[in-house]
Amino acid sequence: EAPSSSRSTQNSVAPELPGFYYDPEKNRYFRLLPGHNNHNPLTKDSIQHKAMECKRLRLLEEEEKQHQKTTRAGLNSSVLLQKRQLGSLSPTSYCRLVHELKVNCMQRRKIEIHSPDSSVAGTNNFKIIVADVACERIFTVNDVEHGGCKYGIINLSGLGKESLTVEMYDNLYFTNRKVNSVCWASLTHPDSHVLYPLKKKTELSFSKLCLMGIAETPGCASLLPASLFSSTNPGDRPGMLCSFKISTAWSCAWCLNPQADNCFSTGLTRRVLVTNVVTGHRQTFGTSSDVLAQQFATQTPVLYNGCRSGEIFSIDVRQRNRKGQSWKAIRLFHGSAVTSVHLMEAEHYLMAADMSGKIKLWDLRTAKCVKQYKGHHNEYALLPLHVNEEEGLLTAVGQDCYTRIWSLQDTHLLRTIPSPHPSSKDAIPSVVFSSRLGGSRGVPGLLMAVKQDLYHFSYN
């Protein structure tokens with residue numbers, strides 16, 4: 001052990017000594033051993049984990065005592081209402097600030113998950129949850145004990161009840177595959193011939209589908225009817241709508257623009273593959289890096305791609321593939337691997353996050369970064385962004401397992417939510433935020449899936 005530090009360091013920051021750890025409680029230094037050591041708990045990793053756990057427990061205790069307050073001085077509901085009545089706040093600004101107040105007051109409640117098959121309910125850890133456009137259902141990916149994943153759909157209609165129960169429907173046929181990316185896909189008309197393998201009497205119920213990018217080598221892309229996860233008429237369930245082998249898949253996106261009807265993209269190792277599920281036609285675009293994040297525009301058939309190299313580029317899928325890099329249109333650059341891209345509603349701005357923890361808002365017309373949202377933590381994980389423009393909020397879960405919510409307008413960090421479970425690599429929460437969870441008459445709040453549990457952070 002090194003000699004204990006002077007008493008004066010109790011009220012100041014102790015100098016860092018290589019190979020030693022300063023314990024502020026005992027007011028002395030202790031020797032550290034490199035790496036992991038089962039016989040000596042004083043390693044850097046164990047110390048950092050202990051400090052993070054103490055912080056998490058303290059924040060959870062504060063939340064239990066309802067110590068959440070607005071992060072803006074002087075902002076409360078009565079002041080907002082007064083300003084609104086005096087005409088000093090526009091309706092848009094008033095609604096945005098009300099959402100800020102509600103976000104700071106959200107309280108956590110555990111959701112009871114019911115399943116027609118009680119043997120599988122609540123027995124596997126959540127990995128990914130993704131809501132459909134109406135936020136009526138969420139598609140879930142759960143890790144299973146023997147490896148691979150299990151998929152399911154949860155109906156959110158029960159969130160409006162005091163009991164907070166939801167129904168989960170599993171599809172036990174598609175397991176033993178690891179999923180890296182999931183998105184919802186919508187057909188533009190119900191009688192599309194994409195659905196031709198299905199029985200005629202069930203065609204109209206298959207306009208919603210799930211698109212999954214499988215992270216394996218060789219990989220596979222699958223397009224599945226959401227009805228596979230229904231508990232009704234099991235004999236009428238169709239098979240896979242589309243499935244083909246590809247190299248390692250990192251991301252996927254469905255196109256809603258009619259000029260690229262029934263097309264989806266998969267981001268692969270050093271290439272982008274755009275596939276028409278009706279004709280089977282494929283376009284391949286070679287890249288210099290792995291494509292980790294994708295999103296299509298809706299006003300034009302343009303695909304935005306975020307790469308491991310930090311580059312973000314767009315592709316107009318109407319053009320023929322040409323050799324070289326000439327087909328790249330807009331090009332932006334991050335200093336680290338891009339893990340998520342989100343095109344804003346007007347399609348003049350693009351939000352992107354990377355593996356250095358930076359979240360940037362880019363103006364696509366000038367190719368310049370106009371805003372940065374600070375506080376996000378990431379070093380290696382593929383973590384998504386959740387943008388709610390109507391509510392004026394940005395939500396992201398960090399590698400440290402904290403869920404952070406920012407104001408879209410001025411980048412102000414509104415709230416940091418600790419995970420109900422200890423932080424670990426296999427316990428990073430997956431979240432969904434909406435002011436209408438469960439449909440047009442649904443309840444507002446945040447859904448958080450972590451480990452085997454699902455939580456609702458309610459506005460009320």
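The values are calculated or read from the model by the stated rules, or taken from the named source; none is laboratory data. Small disclaimer: the values here were computed from a predicted structure and weren't measured. Using ideal geometry, Cβ is built from the backbone for each residue, glycine included, and neighbour counts are taken over all protein chains shown. These accessible areas exclude ligands, DNA and RNA; they are computed on the full protein's heavy atoms, side chains included. Shrake-Rupley method; radii C 1.70, N 1.55, O 1.52, S 1.80 Å.
For segment 124-141, backbone phi angles converted through the Karplus equation (6.51, -1.76, 1.60; θ = phi - 60°) give residue-by-residue couplings of 10, 6, 5, 10, 9, 10, 9, 8, 6, 4, 7, 6, 7, 9, 10, 8, 10, 10 Hz, Gly and Pro being listed as x.
Listed cross-link partners Lys102/Lys127; Lys110/Lys161; Lys110/Lys360; Lys328/Lys358; Lys360/Lys425 are compared with a 22 Å cut-off, the Cα-Cα value being larger for Lys102/Lys127; Lys110/Lys360; Lys328/Lys358; Lys360/Lys425. For Lys374, a cut-off of 13 angstrom between C-alpha atoms picks up these aspartates and glutamates, skipping any fewer than 8 places away in its own chain: Asp354, Asp410. Each residue was assigned an accessible area with a 1.4 Å probe, and for Tyr349 the value is about 80 Å².
Evaluating 6.51 cos²θ - 1.76 cosθ + 1.60 at θ = phi - 60° for every residue in segment 56-61, the Karplus couplings come out as 4, 5, 5, 5, 5, 5 Hz, glycine and proline recorded as x. Counting Lys and Arg as +1 and Asp and Glu as -1 over every other residue whose Cβ lies under 15 Å from the Cβ of Gly160, the net charge comes to +1. What does the charge add up to near Gly442, with Lys and Arg as +1, Asp and Glu as -1, over the other residues with Cβ less than 13 Å from its Cβ? Residues close to Gly442 contribute a combined charge of +2.
For His334, nonlocal amide neighbours, meaning residues 5 or more places apart or on other chains whose placed amide H falls under 5 Å from its own, are Glu311, Ile312. Seen from Glu53, the other residues with C-beta closer than 13 Å to its C-beta sum to a net charge of +1, counting Lys and Arg as +1 and Asp and Glu as -1. Taking all protein chains together, Asp290, Asp354 sort by accessible area into Asp290, Asp354, largest first [probe 1.4 Å]. Amide H contacts under 5 Å for Tyr21: Phe30, Arg31, Leu32, restricted to partners 5 or more places along the chain or on a different chain, H placed in the peptide plane at 1.01 Å from N. Backbone amide hydrogens, once placed in the peptide plane, bring Ile246 within less than 5 Å of Gly219, Cys220, Ala221, excluding anything fewer than 5 places away on its chain. Across segment 325-438, the relative contact order, built from alpha-carbon pairs under 8 Å that are at least six residues apart, equals 17 percent.
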